[in-house]
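Comments concern the structure below.
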Amino acid sequence: MSESESLWERSCRVIPGGVNSPVRAWKAVGGEPRFLARGSGSRVIDEEGREYIDYVASWGPLILGHAHPAVVEAVEEAARKGTTFGAPTRKEAELAERIVAAVPSVDSVRLVSSGTEATMSALRLARGATGRDRVIKFDGCYHGHGDSFLVAAGSGALTLGVPDSPGVPGPLAELTLVAPYNDLGAVESFFAEYPQEIAAVIVEPVAGNMGCVPPAEGFLEGLRALTSRYGSVLIFDEVITGFRLQMGGAQERYGVYPDLTTMGKVLGGGLPLGAYGGTTNLMSQLAPEGPVYQAGTLSGNPLAVAAGLATLKELEARDPYEEISSKTARLVDGWLQAAHAAQIPATANRVGSLFTLFFHDAPITCLAEAQVAVSDRFVDWFQGMLESGVWLAPSGFECGFVGTAHSEEDIDRSVEIAHRLLGNLGG
Ligand code: KE4
């Protein structure tokens with residue numbers, strides 16, 4: 001029995017499904033998940049000592065790769081001074097200042113411990129500020145596992161076929177209105193039906209949980225106009241795109257500015273950190289200044305803040321966005337060429353260093369199209385790449401990520417492997 005197999009047996013005895021987050025169980029791709037022992041740069045190494053080029057990057061946070069020296073040193077130094085105080089600290093103020101300086105629409109920001117906390121809190125703030133209850137989200141978008149968002153949710157919920165989770169009270173779920181991504185008309189209809197009842201529209205400005213799906217021309221601008229017209233809060237969920245696409249995230253890239261922004265992943269440099277921020281008018285309604293309550297024992301935790309600060313400082317110093325975007329383009333174009341050379345239908349969506357390859361011969365612009373595209377061939381691709389030393393997300397509804405640690409040789413090797421694998425899989 002391999003190390004992973006015995007660890008899997010042990011985990012399944014004491015952890016539901018053997019994992020602490022469902023998508024890690026590899027249900028969509030079959031077989032038992034491999035346990036990872038460590039990571040370094042662009043590589044992860046499993047418990048059997050096998051090494052892989054990693055394009056999961058822990059679902060996005062590791063834009064600098066695994067165990068980046070600056071991040072590790074910052075966390076070590078912080079830990080030696082104490083791991084948590086439950087009191088304000090200098091570095092929380094510094095990180096908040098850097099977020100406010102980097103993200104165009106954020107005047108003030110609250111640090112929390114996960115993306116889920118960030119989106120839950122942002123929605124509560126929008127509801128508290130407007131006195132309204134309904135929220136519009138988009139089919140296939142995932143905003144963490146807060147009750148209001150587990151309606152037509154993407155990511156692991158979609159992968160496991162539970163986009164509408166049991167346990168969410170009916171009356172609450174009914175307050176969540178779901179529109180197809182990129183469908184402004186559907187949003188307009190909801191506002192026409194409930195002109196005074198919609199507290200917020202929450203959107204991934206580049207969707208990353210039905211695979212990567214970019215906003216259609218005018219989609220984000222249209223959401224901005226509609227929410228302004230009807231007095232609703234526009235929330236950009238930038239947990240994936242924040243600091244990933246560029247320092248100012250998708251809102252800077254597309255020039256559309258929300259009222260609230262949620263962040264996480266890259267911001268925490270691989271440690272548990274989320275954040276939500278926006279206009280002073282909205283954020284000042286949060287306790288203790290205002291009546292909308294949100295709290296957290298480890299909010300703004302010194303270790304997570306140290307990792308986040310080290311990451312942002314490295315990103316500001318290196319400005320790697322051009323570099324990682326062109327590496328991603330080379331990787332995705334190489335994989336597409338490999339598929340087409342093997343007469344396998346394939347298309348890809350890519351924004352900066354965020355990408356998804358679909359084995360499908362038509363553009364993917366919304367969940368319905370992504371669902372058609374994700375097929376058994378994805379399973380062959382995932383398993384074949386795994387055996388060849390490439391670590392991909394175990395679901396066709398996730399994104400891949402390229403970071404500063406991926407070398408040109410990594411890209412070349414990943415493309416070579418794809419040519420060999422897809423050549424064998426054949427058209
Ligand atoms: P967390 O609570 O997982 O930190 O963040 C929730 C979240 C919020 N918003 C967006 C756009 C997100 O993508 C996420 C979480 N992303 C998934 C992967 N696509 C997390 C992976 C997992 O659930 O294990």
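The values are calculated or read from the model by the stated rules, or taken from the named source; none is laboratory data. Computed from a prediction, not measured in an experiment: that's the story for all the values here. Positions of Cβ are backbone-derived with ideal geometry, glycine not excepted, and every protein chain shown enters the neighbour counts. When the accessible area is computed, the model is the full protein with side chains, heavy atoms only, and any ligands, DNA or RNA have been set aside. Shrake-Rupley method; radii C 1.70, N 1.55, O 1.52, S 1.80 Å.
Key figures for this structure:
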{"item": "Among residues of the stretch 326-350, those that are in a strand (DSSP E or B) and either of a type in the set (A, V, I, L, M, F, W, C) or crowded, with 19+ Cβ neighbours inside 10 Å (or both), counted", "result": "3"}
{"item": "The stretch 1-30 residues that are closer than 18 Å to F382 by Cβ, paired with ones that are acidic (D, E) (beta carbon under 9 Å, 6 or more apart)", "result": "S4/E32; S4/D46; S4/E47; S4/E48; W8/E32; V23/E398; A25/E32; W26/E32"}
{"item": "All positions within the stretch 188-213 that are part of a loop (DSSP other than H, G, I, E, B) and surrounded by fewer than 19 Cβ atoms within 10 Å (Cβ to Cβ)", "result": "Y194, P195, Q196, E197"}
{"item": "Verdict on S40 being touching a His at 6+ places or on another chain (Cβ under 7 Å) and either modelled with pLDDT of 95 or more or among the β-branched types (V, I, T) (or both)", "result": "yes"}
{"item": "Failed condition for D183, given (1) surrounded by fewer than 24 Cβ atoms within 10 Å (Cβ to Cβ); (2) over 20 Å from V351 (Cβ atoms); (3) not polar (S, T, N, Q)", "result": "(2)"}
{"item": "Complete set of residues in the stretch 118-140 that are in a helix (DSSP H, G or I) and either away from the ligand (no atom under 14 Å from the Cβ) or crowded, with 24+ Cβ neighbours inside 10 Å (or both)", "result": "A118, T119, S121, A122, L123, R124, L125, A126, R127, G128, A129, T130"}
{"item": "Extreme residue, nearest to L184 (Cα to Cα), among residues of the stretch 242-253 that are within 13 Å of the ligand (Cβ to nearest atom) and small (G, A, S)", "result": "A250"}
{"item": "Verdict on T328 being out of contact with any helix residue (DSSP H, G or I) (no Cβ under 7 Å at 6 or more places or on another chain) and modelled with pLDDT of 95 or more", "result": "yes"}
{"item": "Cβ-Cβ under 6 Å pairs, at least 6 apart or on other chains, the stretch 326-352 side aromatic (F, W, Y), far side part of a helix (DSSP H, G or I)", "result": "W335/A418"}
{"item": "Scope the stretch 374-427; condition acidic (D, E) and either touching a strand residue (DSSP E or B) at 6+ places or on another chain (Cβ under 6 Å) or outside any helix (DSSP H, G or I) (or both); matching residues", "result": "E398, D410"}
{"item": "Strands (runs of 3 or more DSSP E) completely within the stretch 1-87 that count 1 or more residues being within 22 Å of the chain's Cα centre (by Cα) and surrounded by fewer than 15 Cβ atoms within 10 Å (Cβ to Cβ)", "result": "36-40"}
{"item": "In the stretch 295-325, residue surrounded by the most Cβ atoms within 10 Å (Cβ to Cβ) [restricted to those that are among the hydroxyl-bearing types (S, T, Y) and not in a helix (DSSP H, G or I)]", "result": "S299"}
{"item": "Number of the condition not met by V168 [criteria: (1) assigned to a helix (DSSP H, G or I); (2) touching a helix residue (DSSP H, G or I) at 6+ places or on another chain (Cβ under 9 Å)]", "result": "(1)"}
{"item": "Which listed residue, of S148, S155, S165, is open to solvent by less than 50 Å² (accessible area, probe 1.4 Å), within 19 Å of V19 (Cβ to Cβ) and more than 10 Å from the ligand (Cβ to nearest atom)", "result": "S165"}
{"item": "Single residue of V239, V292, V233, V256 found to be away from the ligand (no atom under 16 Å from the Cβ) and crowded, with 24+ Cβ neighbours inside 10 Å", "result": "V233"}
{"item": "Positions within the stretch 98-117 being touching a helix residue (DSSP H, G or I) at 6+ places or on another chain (Cβ under 6 Å) and either within 12 Å of the ligand (Cβ to nearest atom) or over 23 Å from L315 (Cβ atoms) (or both), in sequence order", "result": "V112"}
{"item": "Filtered residue count, the stretch 377-392, keeping only those that are more than 18 Å from E51 (Cβ to Cβ) and buried (at least 19 other Cβ atoms within 10 Å of the Cβ)", "result": "3"}
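Conditions (1) in contact with a Pro (Cβ under 8 Å, 6 or more places away or on another chain); (2) closer than 25 Å to P22 by Cβ, marked per residue:
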{"position": "L315", "(1), (2)": "no, no"}
{"position": "R318", "(1), (2)": "no, no"}
{"position": "Q343", "(1), (2)": "no, no"}
{"position": "A348", "(1), (2)": "no, no"}
{"position": "I364", "(1), (2)": "no, yes"}
{"position": "E369", "(1), (2)": "yes, yes"}
{"position": "S375", "(1), (2)": "no, yes"}
{"position": "L422", "(1), (2)": "no, no"}
